Each structure stands twice: as structure tokens, then as C-alpha cells.
Amino acid sequence: MKVAICNLGQIVSGDWHNPFASGDTIIIEAGRIVSVGTADAAAIDDADVVIDAGGMTAIPGLIDSHVHVTFGDYTPRQRTVGFLESYLHGGVTTAISASEVHVPGRPRDPEGVKALALAAQRSFADYRPGGMRVIAGSVILEPGLKANDFKELADKGVRLAKAGFGAVASAYDYAPLVADAKAAGLITTCHTGGSSIPGSGAITGDHLLKIRPHVSFHINGGPTAMPDADFERVITQSDMALQVCTAGNLRTTLLCARLARQHGAFDRFIIATDTPTGSGIMPLGMFYTIAHLSSFTDMPPEQFICAATGNNAKVYSLDSGFLQPGKAADIVLIDAPDGGTQASALAAIKHGDIAAIGAVMTDGIPRFVGRSRNTPATTRQARVVRSRVTQDFAAAAQ
Ligand SMILES: [Zn+2]
């Protein structure tokens, strides 16, 4: 299927070094972005579906790099069905598992945690709730896992490993497990801050600098923050990704953003939600954190949209997260919310408001065009002006 999105007012690229793409049109074919900018009339005539964006802003689909999936579109933690599809209506087109630790009675032995990660990876390989891309299967690091276990998992398609919920005597004991997982090519992640659920312990800057994961999960606290002095240490003494989460400490989220900029580490600054968790389900969590960072700092909103898209894509080696030719066509149209005081999506975010969502596309397929069921209405109207496919792309019943 070929899709053309025309009449865009602004295009956020996903690359915070160069956050805007010029032009007003995006052409998509077979799930990939073909061109960003301008297109001739023939390319638009050739499209099976033409969407008039009505002057809205296009951004890459948001990538939430901290979601506790289990199996199916269900979270045992909050006993809720359909949460991933609901996040899609919050502009999230990719959810990355932060480990399937919420599976009731989850296994704790090496064979069990390996099987859990592999089963999760397999079950979400082709299953897309509402069109959401879910990268599942994060092996929970438990004592007894060996280098060849990680190699086996990597060979079978598991990409992620998580430190923080294992039965280790001390958090320092994660260091050799993380080293083995890294050697096998897994992306390693580590709980940061005070203990979260029973069985987990505090992990602070000193632990992180010895464990050396690729990603400090919720460096702002999950939900309890580590000491303030540790942020600068982790930023300056390591190259680990600095993940801030909605379900954490807002003050240290802002502290971390300012320090990342000050130390030239913004490439490593990534936004996620850490949901579902004790804090609940937040379909607009990514936009809340983007709005908090934009309105409480002097940094521009497009920079934080890039932290929630392209920066996550780079850290996790994804082929989405950027509005560039060749990338996966995961695209969200946003706008100033109806009834607000601002004229554009970015101005609204800078003002502290949640952007209104007017359309979400994943894998080159419009999942809805017109109105998200979770945000206010848009000020402008996005509409399908031509379609040769038997689908009107309206959202499901509100
Ligand atoms: Zn978590």
C-alpha cells in the first residue's frame, strides 16, 4: 500500500541535532518512508491513500522504552485489558519490554527465566495490539545464568536483559551477569533508584558504574530517586543511556535533562513511562513527560520529542524513530488541543499542555485518522481525502 500525507505544517525529524525536516509531504510505501519533504503530483496521484494533515505537525511514532508487558494486551499488575492499544491512542507506536517480571508466579531459575523471555519474544513477534509494535522478551538476570545461556537466547532472537529483580546477594553481583549478556550481544538494562516492588533493592550511582548496563532504567527513580550527586557521576563516568520515566521523580527528571545537556550527553537522554506499574496505566505518559521537560526547562519541545523517538531508536537499534527515507513508517500527527491557548502542537507542549493527536500510522498503515480517543480534539482537521482500500481509518468506538 502507498500512502501520501500532505499539507503538513511542520515535520519533526526525530534527530535532535537537526530536529526539523523541511517540506509538507511524506510518501510511504510497503511500510517504509519513501520521501520526506516535497512530492510531485504524480507521486500523490499514485498513492492508494491520501491523508490531508490540515496543517498539523508530523512526528515519528513515540517509542516507550520501559513497558512491563506480559502476554497479550493485558497487565496483571493493574488488571487491565487493552492497555497497549490505548497507548497507541497516546501516540506510542513501539513498546519495549522492561522485562516480563509482572507475569504472575514468574519463574526464578535460569531455565525458567530463559523460557519466559523466549516465549514473550515469540508471542509478540507478529502480534500488534491496535498496530503497536511490541519488542518483548527481556531475560530477568538471576544468579546461575551463564555466558552460553545468553548466547543461546541471542541466537534465538531475544535482544534484551534486565538487572534489578534477581535473587542476588548484592546489586554488585549483577556485574558479571551483565558482562556476559553484553558479550552475547544483548542490550542490558538496570533498575535505578530505591527498591520498587518487594524483592528488589536500591541501586545507586556506585552500583551502576560497576554493573555497567547499556541503559540506566528510570534514572530519575522508579519511583524513588537515587542521590542527586550520583547523576553527574553516571553521566560523566559512563556512556550508559539515561532513561527518564513518567512514573518516577519529576524533580530529578529535570535535573537529569539539564545535566545531560551541560555535559554533552543528550544523545543518551531517552524518555519512557515505566508502566504499567504501581503508578498505573498512562496512555499519555510519554506526552506528559515531554510536556513537563519542555515547560519546566528552557530547552525546546522538539528536542524532547526526539528524546522519545530517535534517541530511543538509536539506543535500542530500531529502524523506526526518525522521519527519514528508508525508516519504518511509524508516524503520528499532532496539533494544538482544541480550546487551548496555543496555535501549534509544539507551542502547546512548551506551554505545558498535552498535544492533541490527529492520526497514528504504524508500519505504513493508518490505524486511525481524525481523533484519538485519549486526547482532546485537534484544532485542525486531518482527514482521508482519497482511499482505494476498503477501510475508512476511523477510530474504534469512542
Ligand atoms: Zn519498570
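Out of the residues in the stretch 10-28 that are touching a residue at least 60 places away in the same chain (Cβ under 8 Å) and in contact with a helix residue (DSSP H, G or I) (Cβ under 9 Å, 6 or more places away or on another chain), which is most open to solvent (accessible area, probe 1.4 Å)?
F20
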In the set L160, L145, L177, the lone residue that is within 24 Å of the chain's Cα centre (by Cα) and either more than 16 Å from the ligand (Cβ to nearest atom) or touching a residue at least 60 places away in the same chain (Cβ under 8 Å) (or both) is L160
Taking the stretch 121-137 and the residues there that are modelled with pLDDT of 95 or more and more than 18 Å from the chain's Cα centre (by Cα), the one that is farthest from G72 (Cα to Cα) would be R122
Apart from one, (1) open to solvent by less than 10 Å² (accessible area, probe 1.4 Å); (2) modelled with pLDDT of 95 or more; (3) more than 20 Å from A345 (Cα to Cα) all hold for G285; the odd one out is (3)
Restricting attention to the stretch 99-107, does a residue exist that is touching a residue at least 40 places away in the same chain (Cβ under 8 Å), within 16 Å of the ligand (Cβ to nearest atom) and among the hydroxyl-bearing types (S, T, Y)?
yes
Within the stretch 65-87, can one find any residue that is away from the ligand (no atom under 16 Å from the Cβ), closer than 24 Å to V315 by Cα, touching a helix residue (DSSP H, G or I) at 6+ places or on another chain (Cβ under 8 Å) and hydrophobic (A, V, I, L, M, F, W, C)? no
Determine if the stretch 121-133 includes at least one residue that is hydrophobic (A, V, I, L, M, F, W, C), surrounded by 23 or more Cβ atoms within 10 Å (Cβ to Cβ) and within 16 Å of the ligand (Cβ to nearest atom). no
Only one of (1) within 22 Å of L259 (Cα to Cα); (2) among the polar types (S, T, N, Q); (3) modelled with pLDDT under 95 does not apply to T277, and that is (1)
The strands (runs of 3 or more DSSP E) lying entirely within the stretch 264-380 that contain at least 1 residues which are within 16 Å of the ligand (Cβ to nearest atom) are 269-272
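The values are calculated or read from the model by the stated rules, or taken from the named source; none is laboratory data. Please read these numbers as outputs of a predicted model, since none were measured by experiment. Counting neighbours? That spans all protein chains shown, and the Cβs are built from the backbone with ideal geometry, glycine included. Remember, those area values only see protein heavy atoms, side chains included, never the ligands or the DNA or RNA. Shrake-Rupley method; radii C 1.70, N 1.55, O 1.52, S 1.80 Å.
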